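The values are calculated or read from the model by the stated rules, or taken from the named source; none is laboratory data. These numbers were taken from a predicted model, which means no experiment stands behind them. Virtual Cβ from ideal backbone geometry, glycine too; neighbours counted across all protein chains shown. Keep in mind that these areas ignore ligands, DNA and RNA; they rest on the heavy atoms of the full protein, side chains included. Shrake-Rupley method; radii C 1.70, N 1.55, O 1.52, S 1.80 Å.
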Amino acid sequence: MEPNELKKGHVYFSCGWSTAKYPVPDIRTFVYIGENIEEDLDKTQNEYTFEIPKKYFEKEILNGLSEEERTEYEGPEEPNRTIVPEDCLAVIKDIDGLIDFLTRSKKEPNAEDIF
């Protein structure tokens, strides 16, 4: 993704492969919350912060639960934020980029051995 394409509150995906030999997709879902949120005096480039959906949508999740379910709700796991430096934004995809990534995965070397 290009920085100017990111929209706060929109869902994005971190896409990569788990192994070098096989294109096993490693996909994580995030919600974009902003640029340069964390103060860091040693920062050499812009940083983009993403939150896991369970944290970002926690109020909506809780509103949809019964009283009993709310008392059992454990909340989002930690850490619930991911900071991506600008030079690593290529791993972040929107929904169309995710579809392209998955389609490309089927065409990678050794894909026929695992799909």
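Quick one: which residue in Asp100, Asp42 is out of contact with any strand residue (DSSP E or B) (no Cβ under 6 Å at 6 or more places or on another chain), at pLDDT 95 or above and among the charged types (D, E, K, R)?
Criteria check complete, one pass: Asp100.
If we scan the range 51-64, do we find a residue that is in a loop (DSSP other than H, G, I, E, B), loosely packed, with under 12 Cβ neighbours inside 10 Å and touching a residue at least 12 places away in the same chain (Cβ under 8 Å)? So that I can check it myself, show each step before the final result.
Initial filter on the range 51-64 (in a loop (DSSP other than H, G, I, E, B)): 52, 57, 64.
From what's left, loosely packed, with under 12 Cβ neighbours inside 10 Å: 64.
Then drop every residue that is not touching a residue at least 12 places away in the same chain (Cβ under 8 Å), which leaves none.
No, the range 51-64 contains no residue that is in a loop (DSSP other than H, G, I, E, B), loosely packed, with under 12 Cβ neighbours inside 10 Å and touching a residue at least 12 places away in the same chain (Cβ under 8 Å).
Please count how many residues of the range 65-80 are part of a helix (DSSP H, G or I) and either open to solvent by 100 Å² or more (accessible area, probe 1.4 Å) or touching a Gly at 6+ places or on another chain (Cβ under 7 Å) (or both).
4
What is the number of the single condition among (1) assigned to a loop (DSSP other than H, G, I, E, B); (2) modelled with pLDDT of 95 or more; (3) not β-branched (Val, Ile, Thr) that Phe30 does not meet?
The single condition Phe30 does not satisfy is (1).
Quick one: count up the residues across the range 1-16 that are part of a strand (DSSP E or B) and surrounded by 15 or more Cβ atoms within 10 Å (Cβ to Cβ).
Final tally of qualifying residues: 5.
If I filter the range 101-110 down to residues being surrounded by 11 or more Cβ atoms within 10 Å (Cβ to Cβ) and of a type outside the set (Ser, Thr, Tyr), which single residue comes out as farthest from Asn4 (Cα to Cα)?
Asn110
Looking at Leu98 and the list (1) open to solvent by 50 Å² or more (accessible area, probe 1.4 Å); (2) touching a residue at least 40 places away in the same chain (Cβ under 8 Å), which single condition is not satisfied?
Single failed check for Leu98: (1).
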